[in-house]
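Remarks on the structure that follows.
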Amino acid sequence: MRRRIVSAALVTVAALTSVLAVGAPAHASPTLQIVYSQLPYDTCIAFGRAGQETGRWGVWWCSQHYPQTYPGYVTYDMWAYVE
């Protein structure tokens, strides 16, 4: 009985492994995410350009961010499509 359970478990694991291996895409699509947060404008631009030059991302931009802790103070979040 114990051998049947173990063999059934092994068959199930082998089947799932083969399905997952075949179903996984070769290249995952890039995801949009905040890469850095609450930066000065110049730093945000520098980080974006550096990441583009090194190939970490192709599309990036900086958006204004108004932190609640410092009203009237503007920082920038750097967004990018990261693979």
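The listed residues TYR41, TYR36, once ranked by accessible area (1.4 Å probe) with the largest placed first, stand as TYR41, TYR36.
Converting phi to 3J(HN,Hα) with the Karplus coefficients 6.51, -1.76 and 1.60 and the offset θ = phi - 60°, region 42-48 yields 4, 5, 4, 5, 5, 5, x Hz in sequence order, with x at every glycine or proline. Taking all protein chains together and a 1.4 Å probe, the residues SER63, SER29, SER37 rank SER29, SER37, SER63 from largest to smallest accessible area. Model label points for SER63 and THR31, set 7 angstrom from Cα along the Cα-to-Cβ axis, are 1.7 nm apart. Database remark: amide H of TYR76 closer than 5 angstrom to the amide H of GLN38, LEU39, HIS65 (H placed geometrically; neighbours at sequence offset of 5 or more, or on other chains; Pro and chain starts carry no H). Per-residue accessible area (protein heavy atoms, 1.4 Å probe) orders TRP61, TRP79 as TRP61, TRP79, starting from the largest.
The values are calculated or read from the model by the stated rules, or taken from the named source; none is laboratory data. Just so it is clear, the model here is predicted, and its values are computed rather than measured. Don't worry about glycine lacking a Cβ; one is built from the backbone with ideal geometry, like all the others, and counts go over all protein chains shown. Note: accessible area is taken over every heavy atom of the protein model, side chains too, but ligands, DNA and RNA are not part of it. Shrake-Rupley method; radii C 1.70, N 1.55, O 1.52, S 1.80 Å.
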